[in-house]
Structures are given as structure tokens and as C-alpha cells.
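Presented below is the structure to which this report refers.
The values are calculated or read from the model by the stated rules, or taken from the named source; none is laboratory data. Just so you know, these numbers come straight off a predicted model, no measurement behind them. Ideal geometry is used to build each Cβ from the backbone, glycine not excepted, and the neighbour counts take in all protein chains shown. We work out accessible area using only protein heavy atoms, side chains counted, and drop any ligands, DNA or RNA first. Shrake-Rupley method; radii C 1.70, N 1.55, O 1.52, S 1.80 Å.
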Amino acid sequence: MNKAVSLKKGYETYAVLKGGKTIIKFSDNSDVVTDKETNPIEIIPQNKNKEIKFIPRGRNNNMMYDIMKKIGHNVTVGSNVEFKNKVIMGDGIMVYRKYRDKETGKIVKEEVLPDEAPDIFDFIANNNYPLIRLEIANDLAIFYDSYVEYLLDQNKPPKIVQVKAKEATCSRISQIDEKTKKSEWHGYSAEWHKGSPEDVIATPLLDRQSPLFDLKKRLGKIPNDNGKTEIVNDGNFIHNIRINTPGRFYYSRPYWWSVFASGWYDFSSAIPVYKKALIKNQMTLRYVIYIKDSFWDKLYKSQNLTTDDKKAESRENFLKEMNDFLAGEENAGKAFVSEFRYDKIKGFEDKDIIIEPLNNQQIGGEYIEDSEEVSNTICYAMGVHPSIIGAAPGKGKSINGTEARELFIIEQALMKMYQDATLEPLYIVKAINDWPEDIYFSVTNCQLTTLDAGTGAKKNTGLTPETEEK
């Protein structure tokens, strides 16, 4: 790998381009995803009259916004996150019934139309559930943690009337209670970075291992831990939808965050800064001008100049005019006339002015291989094949349509875990609102096909196997 910069250890390192004077900033983000603060923050929320201890995240309790800033500054990371969001979203939600055929004994799946289940489709439409799914998909792809809020009515027993997505960047959970062995509260604030925010709203947090079971107990659908069937007074609850990672008791730590800890993110971000500085400081020189020393005496004599100040001014004006002549776009194609004489004794042309174009060896192709390497490594860490989103896959530089189609299908299959997670709230509502037992939900996907099938893509609902004729 080429060595273009000399580095010094430190959190914010400054690198000097070798052979130049340009200084570029080389940031160290290896600990941006480290939970440095372990002590909980004691806060009295706006809607409570007692202190609750919330667990912070990262430097200054601002890790989530730091990561979002890093994503926005890196082309590869940002593109990968957007791609994963799109795959998680798929083509939309399908409601279907599932039952066993009495004659054949096979499981039958039938799509449900809006007029067949108006309550379900009204709930999905009234809550703008596609937007909620998008919020969940974003948070899961980036943080492995997402939060939704269930709002209930005043009926006995209550029903869920609304579902809201809660920003993961603004969400913190409380310290594990010694008695219940669970985090009991969700704290929502946009000012966690201030240390002790004053706008925190605390909401009961459902058991993160079995949220539906916990909600049923709270709403009196099944006996609670004391063996009693009671309805709690709370009118809303928070459900933490997450991709679990080992050893993390409070917040998940996505595996793809290794791009920060390993330093690959820093290298990827440094390359465009270096190339920008290179183009700005080296590519501006297009010509070198050689001027014979005796030329100046001739110039001064032709202008009848005798004082040093006048000569210096004349020299400066001539050089400025020469630079303007060569650099101006409007002068492209013009000819420059310079006198010379042939020295018969020495046998060479004696020129007063020689103008030669610079053949800059660094013309914008620097670090192409390094850029490909770091892009492929980041894509590898994020589980996105670089050929799908346009990054260079290696020496081949291209893949055929069959390979691209298969890679996309594999990506959809691997993201099913995330797709199913975005449907969890609907199954919670189904259980609490007593929707029909045979109702199920799935995410439909775009199924790419070969050209001989007569179309480039079709919708795969998952109701029948791909190999079965539809």
C-alpha cells in the first residue's frame, strides 16, 4: 500500500503530503463507538416526580449523533446504509391468512383484501405504518436498536389505538432494577448531550426478552407475577425492537461498527481529502517558463528604465501578463511569439523565452487501488456486496447479470431477519386487539428474473415456492 502521509499519534492527527506543504486532517474515530461513560445519569423526567437512572451512550452521551455524522461524511458507508434500508423495506406489507387444507393436509396461504379485514387495514393506514417500518429499518440497520410506542384507549380491557416510532438517537433506557432484573424505563430526549437534559419523557419499557408476554400481564389478559389479573394505569408503553449482540446488557453494538474501531473508516475518509488537496495544490501548475537573464536588460533598455524600482515594477508586470496569457481560458489556442537567434559557432538556438507544458504524473488516478480496497473492506464489514451498489469488485471490475441477480436475492434472504423485526409491532397489536388468529403479515420483495421470462422483475409474495408454478 502506498504511503502518502506521515502520521503522528493522537486523537486528531494532522498529515503532511510528502513532498509538499499541505496539511490535511486525519481523524481517529476508533473509539467513537465505545461506551466510555459507565455511570448512569440521574434525572427527574418531566412527567415523573422521582429520579430515574439512565444509561448513557458514548462520549458526552452523544454517540448516536456522532455515528450519524460519520455516516453522512463517507460515501461508501452512507450508500451501504441506504441500500440496506431499501432491502429491509422491500415492496411493502402483505396481510394473509394461513390454514391447513383439510383434504390435502397442506398449509395454504391466501392474501387478505382490505374489504375482508377493514379493521386491520384501517389500523395500518391510520398509523401510516409504512413510515413506522422505515423508522425501524433505519434504526436497526444503523444501531441494531429501535423503539416504538403503543398508545392505548380507556376501554376495559384497553386496545392499542396508535403506534409511534421513537428515534433511537433520542432514546436511552434505565439502569437494570435490582429487584425485577430488567430495565423498567425508556427516556426520550433530544438533549442528552447536555449532561442533564430537562426535556426527558419517561415511559414504561416492556420486558425486552418477552414484550408481548409482559404487555399481556400489564393489561390484565393473563395473570401477573403475583397471580392476579390486573390492568395497570399506564396508557402507553415502549417496545425495544433489537438485533441482539452478545455481552451487551443495555444497547446493542452492531458488528459493522468495526469499520470505525479498525481504522478503515479513517483511511476511507482520508483518501478524498488527500486527493482534493493534491488537485488543488499540484494540478494548478500547467507550464514552466524559462527566461534568459539577459532578456531583462533588453526589456529595461527598450522601456528606458534606469531606477531599480521601475525595473522591478516592469519585471512584475511582464510576469503577470505572461501568466494571464497562459492561464486565461479565453486565450486558449492563441499563439505566443518569441524572438531567438541561431548561434552558428556553438550550434544551438539562443532563445530569450522558453515555455514548456508540465507533464504532471499525478493527474487524478492516485490511490485507485487503495480506494477500491477500503471500499470493498467496508462493504464486507457491512454485509453488502460491492458489485450491487457500484463499488469496484476487484480486478474484474464487472459482473454479469446472473451474478448480480443472485447476489441481490442472497441479500434479500439475509435481510429477512430485519424485515421480520419491522413486523413485530403488528403482531403485538394483533394479540392485544384480538385480531383473527389466522391473520399473518409478511414483507413482499421484488424478485428479479431472467430475460427469457419476458420481464425483468416480478413481485414475490412468499405465498408459493419460487419453483412452483403460480
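Looking only at the stretch 240-255, which residues are outside any loop (DSSP other than H, G, I, E, B) and out of contact with any helix residue (DSSP H, G or I) (no Cβ under 7 Å at 6 or more places or on another chain)?
Matches in the stretch 240-255: Asn240, Arg242, Tyr255.
Tell me which residues, restricted to the stretch 289-310, are open to solvent by 60 Å² or more (accessible area, probe 1.4 Å) and assigned to a helix (DSSP H, G or I).
Listed by number, the residues that qualify are Asp293, Asp297, Lys298, Lys301, Ser302, Asp308, Asp309, Lys310.
Taking the criterion of being assigned to a helix (DSSP H, G or I) and either under 30 Å from Val273 (Cβ atoms) or open to solvent by 10 Å² or more (accessible area, probe 1.4 Å) (or both), would at least one residue in the stretch 146-163 satisfy it?
No, every residue in the stretch 146-163 fails to be assigned to a helix (DSSP H, G or I) and either under 30 Å from Val273 (Cβ atoms) or open to solvent by 10 Å² or more (accessible area, probe 1.4 Å) (or both).
Filter the stretch 59-70 for residues that are in a helix (DSSP H, G or I) and open to solvent by 20 Å² or more (accessible area, probe 1.4 Å) and give the result.
Answer for the stretch 59-70, where residues must be in a helix (DSSP H, G or I) and open to solvent by 20 Å² or more (accessible area, probe 1.4 Å): Arg59, Asn60, Tyr65, Asp66, Met68, Lys69, Lys70.
Any idea how many residues of the stretch 236-250 are open to solvent by 10 Å² or more (accessible area, probe 1.4 Å) and either in contact with a Gly (Cβ under 9 Å, 6 or more places away or on another chain) or not basic (Lys, Arg) (or both)?
Residues that pass the stated criteria total 8.
Applying the selection to the stretch 172-214, what residues are open to solvent by 40 Å² or more (accessible area, probe 1.4 Å), free of Cβ contacts under 8 Å to residues at least 12 places away in the same chain and either aromatic (Phe, Trp, Tyr) or assigned to a helix (DSSP H, G or I) (or both)?
Correct list: Lys194, Phe213.
Among Ile231, Ile279, which is the only one that is modelled with pLDDT of 85 or more and not basic (Lys, Arg)?
So the residue among Ile231, Ile279 that is modelled with pLDDT of 85 or more and not basic (Lys, Arg) is Ile231.
I'm trying to understand the selection: among the residues of the stretch 103-130, which are loosely packed, with under 11 Cβ neighbours inside 10 Å and small (Gly, Ala, Ser)?
Within the stretch 103-130, just Gly105 meets the criteria.
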